[in-house]
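The structure appears right after this line, and notes come after that.
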Amino acid sequence: MAAEKITATFWDCGGVFLTNGWDHHERRSVIEHFGLGFEEFEERHEQPNDAWERGAITLREYLQETVFYKPRSFSAEEFFAQMRAVSKPLYPEMIAWVRSLRAQRAQSGLREMYLLSNESRELMAYRIPTFGLTGLFDAYFVSAYIGLRKPEAAFFNRVLEICQLPPGECVFIDDRQENVEGAERAGIRGIRMSSPQQVIAELGKLGVGIQQKSA
């Protein structure tokens, strides 16, 4: 039986387009910037971070649990400014390629393009417009918006239900193997990203790509 034609692409954000929003490296950079103990911070981080990334608590509540449980010489606003500052474009060429793909998607039969990300509401409110992701996707399925996180099956099933898409017509690109496997358990084809060139090549094998203009 022939594989179904891909009509929708799902894209992770951190590790695919941008640096991660608030992963281990970013946390360490910010914590050390303010001269705090990283291990002490990490002990307090995990539980409130899960709630924060599910949209169950606000940034201020997260910081109250992890940083401002005692007086500091800096403000929450200063701390969040530094959290924003560690976000950078990781693969600008991937953003540019997806922008071109969106412009040409009708030619390859691609109908829909979505962002699927585990991130907080506050960081995404900064990252999406700052790094040119506004308008690049048909919808943004962020853990803080829908209360679910990858690689949970419920996350991918919720996306499929909302979009009314058959999983076999979808492909998901993420830099983390556990997230790719979560998508695959939901019947979505998965690509684990190691480089923009590798992703573009693998999508091409699935019939998703940009038509080169003839000279």
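The values are calculated or read from the model by the stated rules, or taken from the named source; none is laboratory data. Every value quoted in this text rests on a predicted model; they were computed, and no experiment measured them. Quick reminder, even Gly has a Cβ in these numbers, built from the backbone with ideal geometry, and neighbours come from all protein chains shown.
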statement: Residues in the stretch 9-26 that are more than 19 Å from I95 (Cβ to Cβ) and touching a helix residue (DSSP H, G or I) at 6+ places or on another chain (Cβ under 7 Å) total 1
field: Scan of the stretch 119-155 for residues that are buried (at least 20 other Cβ atoms within 10 Å of the Cβ), farther than 25 Å from P92 by Cβ and free of Cβ contacts under 8 Å to residues at least 24 places away in the same chain, ordered by number
entry: none
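Let's see how each residue does on (1) outside any helix (DSSP H, G or I); (2) not hydrophobic (A, V, I, L, M, F, W, C):
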position: Y145; (1), (2): no, yes
position: K150; (1), (2): yes, yes
position: F156; (1), (2): no, no
position: I162; (1), (2): no, no
position: L165; (1), (2): yes, no
position: N179; (1), (2): no, yes
position: A183; (1), (2): no, no
message: Restricting to the stretch 89-115, count the residues that are more than 20 Å from Q197 (Cβ to Cβ) and either in contact with a helix residue (DSSP H, G or I) (Cβ under 8 Å, 6 or more places away or on another chain) or modelled with pLDDT of 95 or more (or both).
response: 4
- prompt: Only one residue in V86, V180, V159, V98 is farther than 25 Å from H25 by Cβ and surrounded by 15 or more Cβ atoms within 10 Å (Cβ to Cβ). Which one?
  reply: V159
- prompt: G209: out of contact with any Lys or Arg (no Cβ under 9 Å at 6 or more places or on another chain), assigned to a strand (DSSP E or B) and surrounded by 15 or more Cβ atoms within 10 Å (Cβ to Cβ), yes or no?
  reply: no
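Residues checked against (1) of a type in the set (S, T, Y); (2) closer than 19 Å to T9 by Cβ; (3) assigned by TED's automatic domain parsing to the domain that holds T58; (4) more than 13 Å from the chain's Cα centre (by Cα):
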position: A96; (1), (2), (3), (4): no, yes, no, yes
position: L101; (1), (2), (3), (4): no, yes, no, yes
position: R105; (1), (2), (3), (4): no, yes, no, yes
position: S108; (1), (2), (3), (4): yes, yes, no, yes
position: E122; (1), (2), (3), (4): no, no, no, yes
position: T134; (1), (2), (3), (4): yes, yes, no, yes
position: A139; (1), (2), (3), (4): no, yes, no, no
position: V142; (1), (2), (3), (4): no, yes, no, no
field: Verdict on A2 being at pLDDT below 95 and of a type in the set (G, A, S)
entry: yes
- line: In the stretch 167-177, residues that are outside any helix (DSSP H, G or I) and either over 25 Å from G204 (Cβ atoms) or not aliphatic (A, V, I, L, M) (or both) total 5
- prompt: What residue, of V171, V180, is farther than 28 Å from E46 by Cα, in contact with a strand residue (DSSP E or B) (Cβ under 8 Å, 6 or more places away or on another chain) and not assigned by TED's automatic domain parsing to the domain that holds A56?
  reply: V171
message: Of everything in the stretch 52-83, what is surrounded by 15 or more Cβ atoms within 10 Å (Cβ to Cβ) and closer than 22 Å to L116 by Cβ? Give them in sequence order.
response: W52, E53, R54, G55, I57, L59, Y62, M83
